[in-house]
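The values are calculated or read from the model by the stated rules, or taken from the named source; none is laboratory data. None of these values were measured; they are calculated from a predicted model. Neighbour counts run over all protein chains shown; Cβ positions are idealised from the backbone, glycine included. For accessibility, only protein heavy atoms count, side chains too; no ligands or nucleic acids. Shrake-Rupley method; radii C 1.70, N 1.55, O 1.52, S 1.80 Å.
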Amino acid sequence: MRRTDTARIAVTGSSGLIGSALTRSLRADGHEVVRLVRRPARAGDEVEWDPRRSYVDVAGLVGCDAVVHLAGAGVGERRWNEAYKKEIRDSRVLGTAAIAEAVASLDTPPKVLLCGTALGYYGDTGARAVDETAPAGEGFLPSVCVEWEGAAAAAHEAGIRVAYARTGLVVAREGGAWGRLFPLFRAGLGGRLGSGRQYWSYISLHDEIAALRHILDTGSLSGPVNLTAPEPVTNREVTSAMARVLRRPAFLHVPSPALRIVLGDFAQDVLGSQRVLPARLLESGFRFAFPTIDGAIAAA
């Protein structure tokens, strides 16, 4: 699929931070976007699906050149308990299996299925830099990511190019981790989390969308592709950059025990360290518009 061609592209999670930005970008370039929604379709650009029932209105996917699957329960939206951890897993694994089986059943399947996954695959890497050749880590999120990516097996078997966009922390004003950080730092209430030595692998929203489209357009890219800026930074460096760009003090410190009380099991991922590099993205010729943390924050 070349950038100069117009295409019919289906997107799940189109109301989320990344999905809504991708939909706007594709439509701005003249592509037809079909949005998968978890209710009866009400508009001509909507297709009903229900991941819990493994249901997809397959007729709505006929003629699609690509499917981008971004839906899943937010990992940071609620305090983790066993029930919510099950929701996190099921929303990803069941949803991906439903989409993969739907596209595989088509007489003329799409050329590519692009699944948004996560850097959680690698677990806590400490200060060790890893790329797509690294094995899965240990713990809840790595185990979810392994099942999540494995759930696309039906599409693989049907000969569809399948890529996994393992996305880092998206720097955006509208949502995600930074959607919560910006108001705090603007109010002068920002500060490091835990020791501050843990690495954060981030990407600007602009580069996230550009990278997703690069994967769609580059026919040789399949399998895992890390979507993260070239130089991960520590939480302490993020704190300094936020203070510098927003011109606000950032002297506060949230100790690790307080985060564990507030976030439950999710605290171990906030306090964990992920130093992940985008090797395959760079090797394929992708160029970041905002490769530094200061530039990504300013862009947001």
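Structure summary
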| item | result |
| --- | --- |
| When the stretch 8-167 is reduced to its Cα atoms, the Kirkwood hydrodynamic radius in Å | 16.2 |
| Cα pair distances in the stretch 127-249, grouped into 10 Å bins until the bin that holds the longest one, percent each | 11, 35, 33, 16, 5, 0 |
| Beta bridge orientation in the stretch 130-234: antiparallel %, DSSP, nearest 5 | 20 |
| Total formal charge among the other residues, if their Cβ is under 13 angstrom from that of residue 278, Lys/Arg +1 and Asp/Glu -1 | -2 |
| The chain: relative contact order as a whole-number percent, Cα under 8 Å and 6+ apart | 19 |
| Burial ranking of peptide ranges 126-135, 225-234, 58-67 (average Cβ count within 10 Å, highest at the top) | 225-234, 58-67, 126-135 |
| Highest to lowest packing among 287-293, 160-166, scored as the average C-beta count within 10 Å | 160-166, 287-293 |
| ³J(HN,Hα), Karplus 6.51/-1.76/1.60, whole Hz, each residue of the stretch 170-176, x for Gly, Pro | 7, 7, 8, 6, 7, x, x |
| Whole-Å semi-axes of the chain's equivalent ellipsoid (Cα gyration tensor) | 32, 21, 18 |
| Of all DSSP beta bridges in the chain, antiparallel share, percent nearest 5 | 10 |
| In Å², nearest 10: area of residue 253 left accessible to a 1.4 Å probe | 90 |
| Share of carbon and sulfur in the accessible heavy-atom surface of the chain [1.4 Å probe, %] | 52 |
| Placed amide H near residue 227: partners under 5 Å, 5+ positions off or other chain | 166, 167, 168 |
| Accessible solvent surface per residue of the chain, calculated while the other protein chains remain in place, 1.4 angstrom probe, Å² | 45 |
| Trypsin sites (Lys or Arg not before Pro) restricted to the stretch 1-87 and DSSP loop, no more than 16 other C-beta within 10 Å | 2, 3, 38, 42, 78, 79 |
